[in-house]
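Structure first, commentary second.
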Amino acid sequence: MSLPTVRLRRLRANPSTRRLFAETDVLPRHLVQPYFVVSGKGVRREVKPNYGLWQVSGDALLEEVAPLVKAGVGGVMLFGVPDTKSDDGAQLEQQLKPLTDASKALRAAFPELPLFADVCLCSYTTHGHCGLVRNNRVDNDATLPVLAKMAVLLGQAGVDWVSPSDMMDGRVAAIRAGLDAAGLSHVSILSYAVKMASAMYGPFRAAADSAPQFGDRTTYQMPAGNRREARREWKQDELEGADALLFKPALTNLDLIRDAREGSDLPLVAYQVSGEYAMLRATADAGLLDFDRAMNETLLSLRRAGTDVIVTYHARAVAHATKP
Ligand code: PBG
Ligand code: ZN
């Protein structure tokens, strides 16, 4: 038997050699932390301890975000949890108040922090669907002006990025036109280009109070098995003027992210959703794996697949573990 001449283990000999030849890394700058903004003062609660979903009021958000900024976290993404629900979008300005006030305060306190805000109706409507409902159907075209209005209100509050997560057709173009007409051409759009109708959003829906009250989201979110359809989705959003493309969930869509990396030059964002985080947490709590190592492995695989930025409930912990 001949001995091997090619020895891949030479590249793995010790930590400094492995570090020298690392092809991918995950740094605080790559990560975006989501927060759920509620009304009131002094609210800062993790919806379920250790599961990463933080509900905060505007004042507490400033304290929350300060260490993240210091650690160089890439940005924060805000979701509004309104006090009241309304089904026609007419109350939007008032419903958005906690979110727009918090955005203004964050913008003032941290002028250079990339600030993302979600654009969708599921938290704002009684039925919990992402668009307006007419005759028991989610009405695509009636929804578009409401989404555009929401984006404008958020842009006026100082967010840099609006992130439509509703999956209506044509919303990127409608939002772009609405922003531009309102003098907000500097506001960017991160479109949820490929968003699957996934079982993994459960913990989020509890935090955002956004679960559909009838039916499900399968008439607007994508079927998980469709690769060609996913390409059509992000190509369309690119065409309509999206500034960056988001994929969600993250780990189940690595191949689709790789497709987009090869077919588009836009920045790519992956959303490691609440259920993905919960899978790791619950498994670690059961004593079956090491949470930090498993988490790091998933984040690295996303970067390897071609992801630029990762929205993750883990960003906060990375920030707190980062030594200045
Ligand atoms: C709603 C929205 C969802 C998530 C982000 N925006 C849930 C859904 O579509 O029901 C999920 C995020 C997560 O699970 O962390 N537009
Ligand atoms: Zn929604």
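Below, the figures for the structure above:
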read-out	value
Flag for Leu99 being aliphatic (A, V, I, L, M), in contact with an Asp or Glu (Cβ under 6 Å, 6 or more places away or on another chain) and at pLDDT 95 or above	no
Lone qualifier among Gly158, Gly225, Gly170 - being more than 17 Å from the chain's Cα centre (by Cα), away from ligand 1 (no atom under 12 Å from the Cβ), within 29 Å of Arg45 (Cβ to Cβ) and modelled with pLDDT of 95 or more	Gly158
Of all residues making up segment 71-113, the number that are in a loop (DSSP other than H, G, I, E, B) and closer than 23 Å to Thr307 by Cα	6
Output for segment 271-316, where each listed residue is of a type in the set (Lys, Arg) and surrounded by fewer than 15 Cβ atoms within 10 Å (Cβ to Cβ)	Arg293, Arg304
Any chance Met167 is in contact with a Lys or Arg (Cβ under 6 Å, 6 or more places away or on another chain), among the hydrophobic types (A, V, I, L, M, F, W, C) and either open to solvent by less than 40 Å² (accessible area, probe 1.4 Å) or in contact (Cβ under 8 Å) with a residue 40 or more places away in the chain (or both)	yes
Breaking point among (1) surrounded by 20 or more Cβ atoms within 10 Å (Cβ to Cβ); (2) touching a Ser or Thr at 6+ places or on another chain (Cβ under 8 Å); (3) over 18 Å from Leu121 (Cα atoms), for Leu190	(3)
Members of segment 114-146 that are more than 11 Å from ligand 1 (Cβ to nearest atom), open to solvent by less than 10 Å² (accessible area, probe 1.4 Å) and not in a loop (DSSP other than H, G, I, E, B)	Leu115, Ala117, Thr143
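The values are calculated or read from the model by the stated rules, or taken from the named source; none is laboratory data. What you see is a predicted model; the values in this text were computed from it and never measured. Cβ atoms come from the backbone with ideal geometry, glycine included; neighbour counts cover every protein chain shown. Remember, those area values only see protein heavy atoms, side chains included, never the ligands or the DNA or RNA. Shrake-Rupley method; radii C 1.70, N 1.55, O 1.52, S 1.80 Å.
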